[in-house]
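A short reminder: the numbers here are calculations on the coordinates, not readings from a lab. Note that the coordinates shown come from a computational prediction; the quantities given were computed from them, not determined experimentally. So basically every Cβ, Gly included, is an ideal-geometry build from the backbone, and we count neighbours across all protein chains shown.
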Amino acid sequence: MDLSLSILLAWLVMIVLMTGMWLYQRTGRNAGIVDVAWSFGTAAVAIWLVCNAEGDLVRRIVVGIMVGLWGVRLGLHLAVRMTRESQDGRYTRMREKWGENANKRMFIFYQIQAAWAVLFAFPMLSVALNAEPMWGLLDVLAILIWLTSIVGASIADAQLAAFKSRPDSHERVCNVGLWRYSRHPNYFFEWLQWWAYALVAIGSPWWWVALAGALIMLFFLLKVTGIPPAEARLLETRGEAYREYQRITSVFIPMRPRRGYDHARSTHDIGNPAA
């Protein structure tokens, strides 16, 4: 199938999917369903485009497996979290801010996510257009980075889930495990996997798309939809405890805590419901 037609069909399917998710949340249900749909949808679109590309077959199979496992892991994690927790504060604030126009503007928001699902599948497509034989040194490095990202994100999510299961978690800030070294280790490891696609795309005529994907994702996490709203909510709910956590803990890249960090004290005094 022509690649342009494949992209168009993928976009149309995502439009239909996100419209269905919008109808679901319109009845007053959890608007966070959009994140679940985006995760599964992006992976599905990427696999569809990879199947219709004409690069090295082994490379296409490998990237299809990589993005498929990523999408299933993230989608299932978000789905489980959505069933166990109340609606993410981001969406509650969006509804409050938009008032009577909330449903109309939420529909636009969902359709933007449909477009982003297709656009963020382009890095995988750029890999699938690479005709170079698989298993060069950069390919091996990319696989190792991808594995690190999946394992790291899974550990961070599990540690946060375990913390949230504590009856006093709503009063404290989670800074155990990976959360001791980064305020958002889950975001960091999710972002890291996009560099795996950038590396394995080298040699493709679209290699720059994979690189752009990693940089755009970083921008969104640091400046738009990731860290800023999460930290604003945490400052509202945790106040001075979270300000202290901000002072001593790296915002993104895992690093040793700054001076003044008292781990024994802060694990009992500091909770981070951000996901």
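Values for this structure:
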| item | result |
| --- | --- |
| Loop-located chymotrypsin sites (Phe, Trp or Tyr not before Pro) in segment 96-156 whose Cβ has at most 14 other Cβ within 10 Å (DSSP) | Trp135 |
| Helix 185-200 axis, angle to the chain major axis (alpha carbon atoms, nearest 10°) | 20 degrees |
| Theoretical gain in end-to-end length, Ser4 to Ser86 [0.36 nm per residue, Cα-Cα removed] | 25.5 nm |
| Per-residue Cβ neighbour rank within 10 angstrom, fewest leading, Val13, Val63, Val173, Val36 | Val13, Val36, Val173, Val63 |
| Separation in nanometres of the label points that stand 7 Å from Cα toward Cβ, at Ala161 and Arg259 | 4.0 nm |
| Burial ordering of Tyr197, Tyr187, fewest other beta-carbon atoms within 10 Å first | Tyr187, Tyr197 |
| For the chain, calculated [θ]222 nm from helices alone, where every DSSP H run of n ≥ 4 adds -39500 (n - 2.57) | -23000 deg cm²/dmol |
| With Cα atoms, 0 to 90° folded angle of helix 89-98 axis to the chain main axis | 90 degrees |
| Longest segment of the chain lacking trypsin sites (Lys or Arg not before Pro) that sit in a DSSP loop with at most 15 other Cβ atoms within 10 Å | 30-257 |
| Label-reachable residues, segment 110-133, where backbone N falls under 18 Å from a point 7 Å from Leu23's Cα toward its Cβ | 110-112, 114 |
| Gyration tensor verdict on the chain (Cα atoms; rounded if a/c is under 1.5, prolate if a/b is larger than b/c, oblate otherwise) | oblate |
| C-alpha long axis of helix 137-164 to longest principal axis of the chain, angle in ° | 30 degrees |
| Proxy reagent accessibility, fewest Cβ within 10 Å first, across His184, His170 | His170, His184 |
